[in-house]
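Some notes on the structure that comes next.
The values are calculated or read from the model by the stated rules, or taken from the named source; none is laboratory data. Predicted model, so just to flag it, every value in this text is computed and none were measured. Glycine also receives a Cβ, built like all others from the backbone with ideal geometry; neighbour counts cover every protein chain displayed.
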Amino acid sequence: MHRILFQVGSLTVYTYGVCIALGLIAAVTLAFYRSQKFGLNSDLMFNGSIIGFIFGMIGAKLLYIIVEWDSYMKDPSLFLNIGSGFVAYGGIILGIIAFLLYFKIKKAAVLEYAEIAIPAVSLGQAFGRVGCLMAGCCYGKPAPEGAWYGLTFPAGSEAPAGIPLYPVQIMCVVLNVLLCLFLIYVNYKEKFAGAAISLYMILYAFGRFLIEFLRNDPRGAVGPLSTSQFISIFVFIIGVGSFFVFRWYAARPVKVGGYPEDALDEAEDEDEDEDEDGAEDGDEAETADEINETAETAAEAVTAEAEAITDEAAEIAEKAEASAEDAADAAAEAAETITDAAEEAKDPAEL
């Protein structure tokens, strides 16, 4: 255990702070890389992760102050000590809230970003617990005599020196690393968004509740339970409830390669265009049918009119033919009359 990493003159670099910084880098890098892999906006993920980390540190410090309020009232100078004294749950709760609010303000797919980022939270916590191990804080109860797993801290660390203790810091590191890997696996196999977030709450709360029985550092209490155990009960219940809520709502899973917001919008626009094109095609088809029907009606009317005109012309032709025949008969009769008259006029002359 090395509480102080190195010193340069009056500058002292503590291992705990370096581990926190490394945890931030590792968590943001993992979230950034996986957001690209899953087709999300990596810039939004980067900004959201930084905001979540900042508010996470604030939340962890605030909850520690609340838990140790009596100590702070007795010694107000403790408020100036910002380099130590954190409660993980405070950081998790406020950090996640800030993260979600950021994406809500940006009108991004909050659940999808949170689902991809949640493994990075566990990874960051693992680095933080390594820092606890180096500083000797968050230490365990005395281990059984002769136990191979007992950790003995040197003088100058926050843990009691020279006494083998339960390695609760290492247990937390293992819990968070395994949880990170499991949540990454869940992201690839999940059937609905929200599964990884729910499982994180369920599994972390359960593991943390058990580990708390082995801790021996001052960390506040609610009845027979430590503050973290008390919070774990509610986190576990919320995790179970959210799992079934997300499952019942059948939220789509976050898939490798997408769904980025732009692609979703484009897909929706294409669907709308297809619907509009389909409607236009339907309207054009209906218009064509109407035109054909009108043309057929007009053709029938013209045909009927032509037939009527033909019949009338035929009647006129028949009447004209009859009149011509009558005229021819009249002319023949007139010719006969003229002939008879001529013969009658000739007979007197002969006489």
Exactly one of 101, 133 is assigned by TED's automatic domain parsing to the domain that holds residue 67 and within 21 Å of residue 28 (Cα to Cα), and that one is 101
Within the stretch 54-70, the residues that are in a helix (DSSP H, G or I) and of a type in the set (D, E, K, R) are 61, 70
Residues of the stretch 74-115 being over 26 Å from residue 34 (Cα atoms) and either aromatic (Phe, Trp, Tyr) or modelled with pLDDT of 85 or more (or both), in sequence order, are 79, 86
Selection from the stretch 31-50 of residues within 19 Å of residue 91 (Cα to Cα) and crowded, with 22+ Cβ neighbours inside 10 Å yields 31, 45, 48, 49
(message) Would you confirm whether or not the stretch 71-80 contains a residue that is surrounded by fewer than 18 Cβ atoms within 10 Å (Cβ to Cβ), more than 20 Å from the chain's Cα centre (by Cα), on the phi < 0 side of the Ramachandran plot and part of a loop (DSSP other than H, G, I, E, B)?
(response) yes
query: In this structure, does residue 16 turn out to be in the same structural domain as residue 253 (by TED's automatic domain parsing), part of a helix (DSSP H, G or I), without any contact (Cβ under 8 Å) to a residue 40 or more places away in the chain and among the aromatic types (Phe, Trp, Tyr)?
result: no
If we keep only residues of the stretch 19-41 that are part of a helix (DSSP H, G or I) and of a type in the set (Phe, Trp, Tyr), then the residue farthest from residue 114 (Cα to Cα) is 33
(Q) Being in the same structural domain as residue 86 (by TED's automatic domain parsing) and surrounded by fewer than 16 Cβ atoms within 10 Å (Cβ to Cβ): is that true of residue 218 here? (A) yes
By residue number, the members of the stretch 81-125 that are surrounded by 15 or more Cβ atoms within 10 Å (Cβ to Cβ), part of a helix (DSSP H, G or I) and either in contact with a Lys or Arg (Cβ under 6 Å, 6 or more places away or on another chain) or β-branched (Val, Ile, Thr) (or both) are 92, 93, 96, 110, 116, 118, 121
In the set 161, 147, 135, 143, the lone residue that is more than 26 Å from the chain's Cα centre (by Cα), crowded, with 24+ Cβ neighbours inside 10 Å, small (Gly, Ala, Ser) and more than 17 Å from residue 200 (Cβ to Cβ) is 135
* Answer yes or no: is there a residue in the stretch 187-195 that is within 19 Å of residue 128 (Cα to Cα), in contact with a helix residue (DSSP H, G or I) (Cβ under 7 Å, 6 or more places away or on another chain), of a type outside the set (Val, Ile, Thr) and crowded, with 17+ Cβ neighbours inside 10 Å. => no
Within the stretch 198-257, the count of residues that are closer than 25 Å to residue 151 by Cβ, outside any helix (DSSP H, G or I) and either within 19 Å of the chain's Cα centre (by Cα) or in contact (Cβ under 8 Å) with a residue 40 or more places away in the chain (or both) comes to 7
Within the stretch 164-173, restricting to residues that are under 45 Å from the mean Cα position of the chain (by Cα) and surrounded by fewer than 22 Cβ atoms within 10 Å (Cβ to Cβ), the one that is farthest from residue 6 (Cα to Cα) is 171
